[in-house]
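The structure appears below as structure tokens.
The values are calculated or read from the model by the stated rules, or taken from the named source; none is laboratory data. Being a predicted model, the structure only gives us computed values, none of them experimental. With ideal geometry, Cβ positions are generated from the backbone for all residues, glycine too; neighbour counts draw on all protein chains shown. We work out accessible area using only protein heavy atoms, side chains counted, and drop any ligands, DNA or RNA first. Shrake-Rupley method; radii C 1.70, N 1.55, O 1.52, S 1.80 Å.
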Amino acid sequence: VESIIKIVDIDGRAQVKNFSEDIERMLGSKMKSVKVSTKFDYYNSMLVNTMDDDGNFIELGGEFPLEENEHFNNIPVNTMQSDVQVPTNVYNKDPYILNGIYMSEALNDVFINNFQKDPTLTWQYFGSSSGFFRIYPGIKWTPDSNGVAAFDCRNRNWYIQAATSPKDIIIVVDISGSMKGLKMTIAKHTINTILDTLGENDFVNVIAYTDYVRYVEPCFQGTLVQADLDNREHFKVLVDELHVKGEGKVAKAMKESFKILNEAATKGQGSLCNQAIMLITDGAMEDFKDVFEEFNWPDRRVRLFTYLIGREMTFADNTKWIACNNKGYYTHISTLADVQENVMEYLHVLSRPMVINHNHDIIWTEAYMDSVLFATKAQSLLLMTSVAMPVFSKKKETLSHGILLGVVGSDIPLLEVMKLAPRYRLGPHGYAFLITNNGYILAHPDLRPLYKDGKKLKPKPNYNSVDLAEVEWEDIDETLRTAMVKGETGTLSLNVRASVDKAKRPMFLTNDYFYTTINDTPFSFGMVLTRGHGQLMFMGTVSVEEGLHDLTSPDLSIAAEWTYCETDIDPHHRKYSQLQAVIRYLQGKEPDLECDEVLLQQTLFDAVVTAPLEAYWQAIMLNASGMEAGVETAFLGTRSGIIRLTRYTGMETRVAKKFLTPADKDNLFTMDHFPLWYRLAMENPPGRFLYYMPSPCFPLSTDLSVCACVCVCVRAHTCGLFLAIGVQMSLEMLEKRLWAITFQVREQHTHTQNIQTHTNILILSSSLQVGRFFGEVDGSVMTALIKSGMFKQVSLYDYQGMCRSGHSHSSSARPLLSVKIHCFFFLNFLFSPTTLLLYRFLLEFNLCGLWHSDYIVDGKLSHKAKKVDALQPCDTEYPGFVYDSSIRETNSLIKCGRCQKMFVVQAVPESNLVLMVVQADCDCSRQYSSITLEPKEVKYNASVKCNRMKSQKVRRRPNSCHAYHPKVSPLPSSLYNCVILS
């Protein structure tokens, strides 16, 4: 007879294959939604539901029903109709715009049909080459504070990537004296706008010229750099610092640009696709025929786009000639308002080979946040990826013109993708992640895209260009990154320094990495299982009837963010919570629900096996003596996401009011992690109690609580983790317990008449020390503990830090957040047999610290400073301290000038606590500075910084390239296909 209980080994290779195939099917269904074929109602999303003074709907703003929809983050939408957004700088009744809107109206039915076939779809849209943006479902567009709709779909990465193939761009800007004033302002804006049209598959450099050639970034001399967000923003800062002077001679700059592009093509660097030079000038007087004959004719492999700046047209013919004889475009930009439209034209030129070939290449973007809804909706901080495809005219008479109509696309929340790798199959410290062909992270539990600026959460400047090597930094040789970027399938084992509790607690793990590619996308999928309990799963079988009875217990909940049953497919099911959906499915009331049968089996079994604890906890409450005062909550959790809890105090008297409530994400099962207490229990052998403070220690509060938790395993052929169980109590109760024990011991060995008075005073005064890192309180003793080997210091790194610019030194004040803090929770007591003052501490090996939304290194600011320097991305190094459990006790005598400090440390059995007695009448602060846990910015010298910026990591180029078509290659003397704009 097969046992109803078993411990199974997780097959990582099979599991990563299954997960990747599920993700592939999901993303494949999204690709189908953008494959479209090409009573007219035009609803302007800015104007819908807007009335004039007479109570009539204004033109283009008719009645447009909107209802909040949970599937769309509770934004009011119209699922029966799309509507159109037109940027403020585009005339919304222009005949060309109206014609395009009319033609795109057919997409409305396509969008609705897609959503009915696949209810998990989110936003669907069409971005027109003329600038209008059709979005489904329809929404009321919110302009900025100035009433301007600045959003232009043609600037979005999904549009640019779908409309063009990868490209190498050299921007050449004239900074001669004639460019002073408004001309230079327009030129800088033009450069920034061009940079905004580049993505991580493109490469770029910026050259300024007068009578000599000057690289805007000298570090990038003679090379191309990847146009990722970091480099683009870096160029913008440097461009803003350009100043005009001298005489403009562009020939040298042209030669330098051709040399860079030719060398890149020869060495197999850059995009290996489109190449172009963007010349920004107020006039080109020289004859460039010799330059073009030497470097570009007759093949004209490099396109030239010229931007004539200013109102003068004296040198217009020469500037036109340059563009039209090198398969480019000439545009005239006389005002700042002209920049956007004129710059976008180069994309249409580069799209022509693809359009003429009718290549419907589907592209996927890197991770991004939806800035359209960002200003008012917190949900828009969620990371997304987009799938998009170009749409073009199929008319034979326009074939040679290669007319791009626009780009159709759809958004996919990355959170939904990662749900296909469920947490319960990965274990407490396991996780899954996705990266792009460039090695940038799409999804990873250690990706921190936001930081806190004052009270607001903001995206980091480089949030979507965080490399896998910056998160999996123990992979020193980048073996994992290289294999995944190349699209390989395989495994790798690494010994890593990891952490829990928002990076406050260091631990050493052996991780097994499993990875593979996601077909038909540029993405690779990875999965981590931790050696030991991470590779084992406890399984059991019970009847549905028995499990349902215990699953409906009022003290039981399941992980609300996990997917036990898919409630998003059928709109009728969206009203159910996960627990409600599970129960209705098991009762047979909703047989159409798609549920995870393995997870349901585990959940039912865990509910049955843990049910007796509910009766036990309730019996304690009903007992005449009841639960000891100070114990507030008993709780447990299982790998299936079940939490059982019993409250012994009411909300009014409870110290930890948020503990295990929906607001307490750290201590619940979420998409990103198991509860903190569950993961902490895993660090300890079964049966050994771990104490920690379940909430941040600062700002300090008199209402402090402590949790004690322990893991329970079932032994078969090995120890399979079954559950973690614990109690949450007030700190006051723990103090009283410790004092009762201390008093009994002291009564036997010392006079106690004066102890109680002194201790009561010190307990009150030392409550401010609770939660601080012990090294900050007493650097001398902490130094001695490190020297004795009881604690080991390790270095950890954070490549996603935020530092305040303009300061080369650290602040002596506490930073907004100390990165990877590991501080000790302690209770401070007075001990005085005679005149000797002793401090008594109860220390946790690795406990509570500070936490905000991100890890910030602060600089020292003058108290007179009115403006705080902006936070900038930086790399930081920070210390961690790990307890050596083999050393159970130690003592020492520290010499401090004219006095000596004695201390004794003893580990508390079967726990993570140590008891410490420290002499307090000897001040060693002059001889020993405090040991702080503040992160330190890693400073790089100019050479190292330069090498890091221009380093070319392994990347996988997109599969397709459309750089040439004979129908868009005119003869040297012809202006055919050279469109002149002014």
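Structure notes:
- Exclusive hit being of a type in the set (A, V, I, L, M) and under 18 Å from Ile435 (Cα atoms), set Ile558, Ile518: Ile518
- Any hit, region 249-261, residues being under 23 Å from Gln872 (Cα atoms), assigned to a loop (DSSP other than H, G, I, E, B) and open to solvent by 20 Å² or more (accessible area, probe 1.4 Å): no
- Taken over region 437-458, the criterion of being over 20 Å from Val500 (Cα atoms) and touching a Leu at 6+ places or on another chain (Cβ under 6 Å) is satisfied by Gly439, Ile441, Leu442, Leu457.
- Residue satisfying all of: in region 22-52; open to solvent by 80 Å² or more (accessible area, probe 1.4 Å) and either among the β-branched types (Val, Ile, Thr) or more than 26 Å from Leu98 (Cα to Cα) (or both); modelled with the lowest pLDDT among these: Thr38
- Selection over region 171-201 of residues that are touching a Gly at 6+ places or on another chain (Cβ under 7 Å), over 11 Å from Gly248 (Cβ atoms) and buried (at least 24 other Cβ atoms within 10 Å of the Cβ) gives a count of 0.
- Among the residues listed as Thr319, Thr314, the single one being hydroxyl-bearing (Ser, Thr, Tyr) and at pLDDT 90 or above: Thr319
- Region 485-541, subset charged (D, E, K, R) and part of a strand (DSSP E or B), residue surrounded by the most Cβ atoms within 10 Å (Cβ to Cβ): Arg505
- Picking from residues in region 568-595 that are acidic (Asp, Glu) and assigned to a loop (DSSP other than H, G, I, E, B), the one that is nearest to the chain's Cα centre (by Cα) is Asp568.
- Inter-residue pairs, beta-carbon under 7 Å, first open to solvent by less than 10 Å² (accessible area, probe 1.4 Å) and in region 353-370, second part of a loop (DSSP other than H, G, I, E, B) and of a type in the set (A, V, I, L, M, F, W, C), 6+ apart: Pro353/Ala963; Val355/Ile403
- Of the residues making up region 445-481, those that are under 13 Å from the mean Cα position of the chain (by Cα) and on the phi > 0 side of the Ramachandran plot number 0.
- Set Thr266, Thr314, Thr281: member being open to solvent by 40 Å² or more (accessible area, probe 1.4 Å), among the polar types (S, T, N, Q) and in contact with a Gly (Cβ under 8 Å, 6 or more places away or on another chain): Thr314
- Counting the residues of region 141-160 that are among the hydroxyl-bearing types (Ser, Thr, Tyr) and open to solvent by 10 Å² or more (accessible area, probe 1.4 Å) gives 2.
- Yes/no for Asp672 being open to solvent by 20 Å² or more (accessible area, probe 1.4 Å), closer than 23 Å to Gln602 by Cα and modelled with pLDDT under 85: yes
- Qualifying residue in region 418-431 (condition: under 27 Å from Pro390 (Cβ atoms) and either surrounded by fewer than 22 Cβ atoms within 10 Å (Cβ to Cβ) or not charged (D, E, K, R) (or both)): no
- Scan region 79-124 for residues that are open to solvent by 20 Å² or more (accessible area, probe 1.4 Å) and in a strand (DSSP E or B) and the total you get is 0.
- In region 785-806 there is at least one residue that is open to solvent by 30 Å² or more (accessible area, probe 1.4 Å), more than 26 Å from Cys896 (Cα to Cα), among the polar types (S, T, N, Q) and modelled with pLDDT of 55 or more.
- Candidates are the residues of region 267-281 that are over 22 Å from Pro353 (Cα atoms) and modelled with pLDDT of 95 or more; the one that is farthest from the chain's Cα centre (by Cα) is Thr281.
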